[in-house]
Amino acid sequence: MGGRAGFFQVEILDWETKKQLCFLDKVEPNATIREIRLMFHKLYPRWYPARQSIKLDPKGKSLRDEEILQQLPVGTTATLYFKDLGPQIGWTTVFLIEYTGPLFIYFLFYFRMTFVYGLDERFTSSPHPVVNLACICHSFHYIKRLIETVFVHRFSRGTMPLRNIVKNCLYYWGFAAWLAYYINHPLYTPPSYGKKQINFAVIMFLLCEAGNFSIHVALSDLRRNGSKTCKIPYPTKNPFTWLFFFVSCPNYTYEDKVILINREINANAVTRNILNFLGQNSGTVHLALLHSDDNLGKG
């Protein structure tokens, strides 16, 4: 690996066919992978940087944008491999779409639109105060998420595959519709234990929301300088962050409990078991799969 003071030559091959896609001459030794992506993009405009996976080995991991060419285990003629990741969508846009949907879908059931419960029940209101409380809690939860998306979250990865947006929206939008249908149904009955159960659930709901927000702020603080490097978070003086002593991603621990409590506030004795079991467990699995490699990506 001599001759580091001069220019590099970079050969980019297709990761699957090994066909040469381009040959970059006179590349600066201190060029970053991001800069190489931009050079490649000029030659192949349809493959914008977020769509590119650049690797040292066809089956290896993608190189990070900030990695420097001369620090890689390559000679002055470097061979890199390109993989097309497909159409991408920004994470901020993803979350705005995911969280706006449940907010408006819930209102369709809360205001009992004609096509939901039929003509006889259109635009009627529930006589049970807990139904209004459930709407307030649900709206607060997703408005909080939208605010965090815009002002709090910082992402180590700029995009995700566009094809995943359908799956993500089906989860968030689908469960919002299912939950809202039963809570706002004309035949809905309040929780069996009355105000004690509701008051306790509301207190726990607010504590978990505060905990979730505290963790998001703590994760965001790890990237104050704009760094995209994933750092290990540690507890702070804020007691809500002390869950870092026990779990890696306590924001999802709090969020998981919000899902459970939200159903406990408003699910009646008939629907509680089904909604809790399916909603809680599918929610936990979905959050784990969706964000396991990007909690990580999100701060």
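The values are calculated or read from the model by the stated rules, or taken from the named source; none is laboratory data. Computed from a prediction, not measured in an experiment: that's the story for all the values here. Cβ coordinates were reconstructed from backbone atoms using ideal geometry, including for glycine residues, and neighbour counts include every protein chain displayed.
Checked against the criterion of being part of a loop (DSSP other than H, G, I, E, B), in contact with a helix residue (DSSP H, G or I) (Cβ under 7 Å, 6 or more places away or on another chain) and among the charged types (D, E, K, R), the stretch 43-53 has no qualifying residue.
Kindly check whether there is at least one residue in the stretch 98-111 that is more than 30 Å from Lys18 (Cβ to Cβ), part of a loop (DSSP other than H, G, I, E, B), modelled with pLDDT under 95 and of a type outside the set (S, T, N, Q).
Going residue by residue through the stretch 98-111, those that are more than 30 Å from Lys18 (Cβ to Cβ) are 98-111.
From what is left, the residues that are part of a loop (DSSP other than H, G, I, E, B) are 111.
Now drop any that are not modelled with pLDDT under 95, which leaves 111.
Filter once more, so that each one left must be of a type outside the set (S, T, N, Q): 111.
Yes, the stretch 98-111 has at least one match.
Residue count for the stretch 60-71, restricted to those that are without any contact (Cβ under 8 Å) to a residue 24 or more places away in the chain and either of a type in the set (Lys, Arg) or part of a loop (DSSP other than H, G, I, E, B) (or both): 2.
Can you report the number of residues in the stretch 77-119 which are of a type outside the set (Asp, Glu) and either free of Cβ contacts under 8 Å to residues at least 40 places away in the same chain or under 30 Å from Phe7 (Cα atoms) (or both)? Explain how you work it out, then say what you get.
Of the stretch 77-119, the ones of a type outside the set (Asp, Glu) are 77-83, 85-97, 99-119.
If we keep only those that are either free of Cβ contacts under 8 Å to residues at least 40 places away in the same chain or under 30 Å from Phe7 (Cα atoms) (or both) as well, we get 77-83, 85, 93, 104, 107, 111, 113-115, 118-119.
Residues in the stretch 77-119 being of a type outside the set (Asp, Glu) and either free of Cβ contacts under 8 Å to residues at least 40 places away in the same chain or under 30 Å from Phe7 (Cα atoms) (or both): 17 in total.
Looking only at residues of the stretch 26-47 that are without any contact (Cβ under 8 Å) to a residue 12 or more places away in the chain and either outside the structural domain of Thr79 (by TED's automatic domain parsing) or not basic (Lys, Arg) (or both), we find that the one that is surrounded by the fewest Cβ atoms within 10 Å (Cβ to Cβ) is Pro45.
Considering only residues that are in contact with a Pro (Cβ under 9 Å, 6 or more places away or on another chain) and either part of a loop (DSSP other than H, G, I, E, B) or among the polar types (S, T, N, Q) (or both), look in the stretch 72-97 and name the one that is surrounded by the fewest Cβ atoms within 10 Å (Cβ to Cβ). Talk me through it step by step, then tell me what you get.
If we filter the stretch 72-97 for residues that are in contact with a Pro (Cβ under 9 Å, 6 or more places away or on another chain), which is where we start, we get 76, 81, 83, 85-89.
Now drop any that are not either part of a loop (DSSP other than H, G, I, E, B) or among the polar types (S, T, N, Q) (or both), which leaves 76, 85-88.
Working: Thr76: 18, Leu85: 15, Gly86: 10, Pro87: 12, Gln88: 19.
Step by step, filter the stretch 72-97, then rank; the result is Gly86.
If we keep just the residues of the stretch 123-157 that are over 30 Å from Lys196 (Cα atoms) and assigned to a loop (DSSP other than H, G, I, E, B), which is modelled with the highest pLDDT? If we take residues in the stretch 123-157 being over 30 Å from Lys196 (Cα atoms) and assigned to a loop (DSSP other than H, G, I, E, B), then Val152 is modelled with the highest pLDDT. Can you find even one residue in the stretch 133-141 that is loosely packed, with under 14 Cβ neighbours inside 10 Å and free of Cβ contacts under 8 Å to residues at least 12 places away in the same chain? Scanning the stretch 133-141, I find at least one residue that is loosely packed, with under 14 Cβ neighbours inside 10 Å and free of Cβ contacts under 8 Å to residues at least 12 places away in the same chain, so the answer is yes.
From the list Leu287, Leu278, Leu260, which residue is touching an Asp or Glu at 6+ places or on another chain (Cβ under 9 Å) and modelled with pLDDT under 70? Give the steps one after another, and end with the answer.
Numbers: Leu278 fails: touching an Asp or Glu at 6+ places or on another chain (Cβ under 9 Å); Leu260 fails: touching an Asp or Glu at 6+ places or on another chain (Cβ under 9 Å).
Unique residue meeting the criteria: Leu287.
Of all residues being more than 16 Å from Asp84 (Cβ to Cβ) and modelled with pLDDT of 95 or more in the stretch 10-25, which is surrounded by the most Cβ atoms within 10 Å (Cβ to Cβ)? Just the residue, please. Working first, answer last.
Applying the first criterion (more than 16 Å from Asp84 (Cβ to Cβ)) to the stretch 10-25 yields 10-11, 23-25.
When the remaining residues are screened for being modelled with pLDDT of 95 or more, the result is 10-11, 23-24.
Details: Val10: 23, Glu11: 14, Phe23: 11, Leu24: 18.
Selected residue: Val10.
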